[in-house]
Amino acid sequence: MNESQLRDLIREVIAGLMPQRVAPRPSSTTGLVLFTGALLGFEEACASLTRLNPQMSLDWIQTDSARRVLDQDTIAGIGMTPADKSLVASHDLLIVPTFTVNMVAKVVHGVGDCLASNVIAEFIMSGKPVVVVTNAACPDSEGKRSWFPHMPSGYQAMLRKNLATLRSFGVQLSDASRLDRAVLRQAGDAGGVPQPEAPAERVVTEATVAARADGAIIRLHPRAIVTDLAREAAAKRHITLQEGS
């Protein structure tokens, strides 16, 4: 046996000792992804959907404004399936990765004057899980503050109230970068994909808390930084800040 044959034999032995990688079992959960024309958080939300797509079946639709504003190649690159006419009945949950202030206001006030607002309302009234990204609609998000640094306090209060009303409907609010985690958590609660344990947070702000469901647990890194506003918001909504060790 020469040196080359010996190396090949060693590689075969090592490969046999290594644990075999098992492909994740496809989930029976089917999600409908609805894009509206919000730019803030779009890229982060698409990255989340790309991570989520192998774990459940995702169909998608978009509003006319989304078609004009959002990068269609980026959406196509996620690999989702265009939805057919059965939008609510054939899907277990709804995901809104780009949610405009206008669409939030319509849903909160029961205005069903377009396909998107009617689909969202029907999911809510049917008691099906709904997960929405709030980067474009939350006055406390980094992007919103950057775009509108002089937003009047009264207008900020109105936007927060609308999001609070959405939450009271049972809608799960999420930051774009955490969308996949929020969806998996909702799917797990509904008996679908089990939710992996979320990583410990290193920095917790009021926006971090706003993206969690009432009564949720936020795991903290041992040296986590938690703002005073985050602690106040967590206390109001019975969210536990679990200290790390």
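Some observations on this one:
- Pair list, Cβ under 8 Å, 6 or more apart: the stretch 87-108 residue in the same structural domain as Ala137 (by TED's automatic domain parsing) and basic (Lys, Arg), other residue part of a helix (DSSP H, G or I) and buried (at least 18 other Cβ atoms within 10 Å of the Cβ): Lys106/Ser117
- In the stretch 132-145, the residues that are β-branched (Val, Ile, Thr) and touching a residue at least 60 places away in the same chain (Cβ under 8 Å): Val133, Thr134
- Pair list, Cβ under 7 Å, 6 or more apart: the stretch 146-164 residue among the aliphatic types (A, V, I, L, M), other residue surrounded by 12 or more Cβ atoms within 10 Å (Cβ to Cβ) and outside any helix (DSSP H, G or I): Met151/Pro139; Leu159/Ala137; Leu159/Cys138; Leu159/Pro139; Leu163/Thr134; Leu163/Ala137; Leu163/Cys138; Leu163/Leu173
- Members of the stretch 20-40 that are modelled with pLDDT under 95, of a type in the set (Gly, Ala, Ser) and crowded, with 16+ Cβ neighbours inside 10 Å: Ser27
- Within the stretch 215-231, the set of residues being surrounded by 12 or more Cβ atoms within 10 Å (Cβ to Cβ), at pLDDT 80 or above and out of contact with any Ser or Thr (no Cβ under 6 Å at 6 or more places or on another chain) comprises Ile218, Arg219, Leu220, His221, Ala224, Ile225, Val226, Leu229, Arg231.
- Filter pass, Arg212 being surrounded by fewer than 14 Cβ atoms within 10 Å (Cβ to Cβ), basic (Lys, Arg) and assigned by TED's automatic domain parsing to the domain that holds Thr227: no
- Among the residues of the stretch 169-185, at least one is among the small types (Gly, Ala, Ser) and farther than 23 Å from Lys236 by Cα.
- Test result for Leu40, in a loop (DSSP other than H, G, I, E, B), under 17 Å from Ser174 (Cβ atoms) and out of contact with any Ser or Thr (no Cβ under 6 Å at 6 or more places or on another chain): yes
- Selection count, the stretch 46-74, where residues are aliphatic (A, V, I, L, M) and within 22 Å of Ala187 (Cα to Cα): 6
The values are calculated or read from the model by the stated rules, or taken from the named source; none is laboratory data. Computed from a predicted model, the values in this text were never measured in an experiment. Using ideal geometry, Cβ is built from the backbone for each residue, glycine included, and neighbour counts are taken over all protein chains shown.
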